[in-house]
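The values are calculated or read from the model by the stated rules, or taken from the named source; none is laboratory data. Please read these numbers as outputs of a predicted model, since none were measured by experiment. Neighbour counts are summed over all protein chains in view; Cβ atoms, including those assigned to glycine, are modelled from backbone coordinates with ideal geometry. Accessible surface is based on the protein model in full, side chains and every heavy atom, while ligands, DNA and RNA are left aside. Shrake-Rupley method; radii C 1.70, N 1.55, O 1.52, S 1.80 Å.
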Amino acid sequence: MSADAWSLLFKALWETLYMVAFSGGISFLLGIPLGVLLYVTREGRILENRVANLVLGGMVNAGRSIPFIILMVAIIPLTRLLTGTSIGTTAAIVPLTVAAIPFVARIAEGALNEVPFGLVEAAQSMGASPLQIVTRVLLPEARPGLINGMTITLVTLVSYSAMAGAIGGGGLGDLGIRYGYQRFDGVIMLATVVVLIALVQLLQMVGDRLQHYYDRSH
């Protein structure tokens, strides 16, 4: 490839990493607490509340049921409100985050469900408050499952970011569409695919290592 092509590829890779890192970080900050609320308000859990659980569950299910490409278009007003534009790498972070939050919430809830309830009962018998149970029992015990879920989320966001590129979000998806499809440049298209595969492999390898580390530390 030419020097210009390498430059385009590195720029697109940086834009993809920027989108995935910011949207992943924000979705973890908001999605994990939402997953905790889904878990603790379930029937038989420490803060059982059927109405709250139904409302939260309905919101999460609604968010997960909307295809990403439709979600991107549907929340353009919100994207413009938050970023001042609906096109570009920063603008793409908004729909990526909105799409990832309900995904992370369900993954966090699933990881918490894997924690033996006997540990929670033991903490309750020692007088632990709900907040202490969540922060000192549930989240530490669910850490391997949460790491696995975060890895899946980041890999999914790489895929979503490529879709975002198709409608002006920038990144590797945008590069692949503009040069590989519209200009029939097979070399750049192939290079884009190879970089995407390598990025996913790297994320999965790091996630597996971290999960293995915390599994062994239990």
Condition set of a type in the set (A, V, I, L, M, F, W, C) and open to solvent by 40 Å² or more (accessible area, probe 1.4 Å), scope the range 122-153, selection farthest from Ala5 (Cα to Cα): answer is Met126
Return the residue satisfying two criteria in turn: it lies in the range 60-86 and is hydroxyl-bearing (Ser, Thr, Tyr) and not in a helix (DSSP H, G or I), and of such residues it is most open to solvent (accessible area, probe 1.4 Å). Thr85
Exception for Thr89 within (1) closer than 23 Å to Val158 by Cβ; (2) in contact with an Asp or Glu (Cβ under 7 Å, 6 or more places away or on another chain); (3) open to solvent by 30 Å² or more (accessible area, probe 1.4 Å) falls at (3)
Take Gly186 and tell me if it is farther than 20 Å from Val104 by Cα, surrounded by fewer than 12 Cβ atoms within 10 Å (Cβ to Cβ), of a type outside the set (Asp, Glu) and more than 16 Å from the chain's Cα centre (by Cα). yes
Tell me whether the range 15-34 contains one or more residues that are over 30 Å from Ile197 (Cβ atoms), open to solvent by 50 Å² or more (accessible area, probe 1.4 Å) and part of a helix (DSSP H, G or I). yes
Under the condition of being of a type in the set (D, E, K, R) and in contact (Cβ under 8 Å) with a residue 24 or more places away in the chain, which residue from the range 122-172 is farthest from Val193 (Cα to Cα)? Glu141
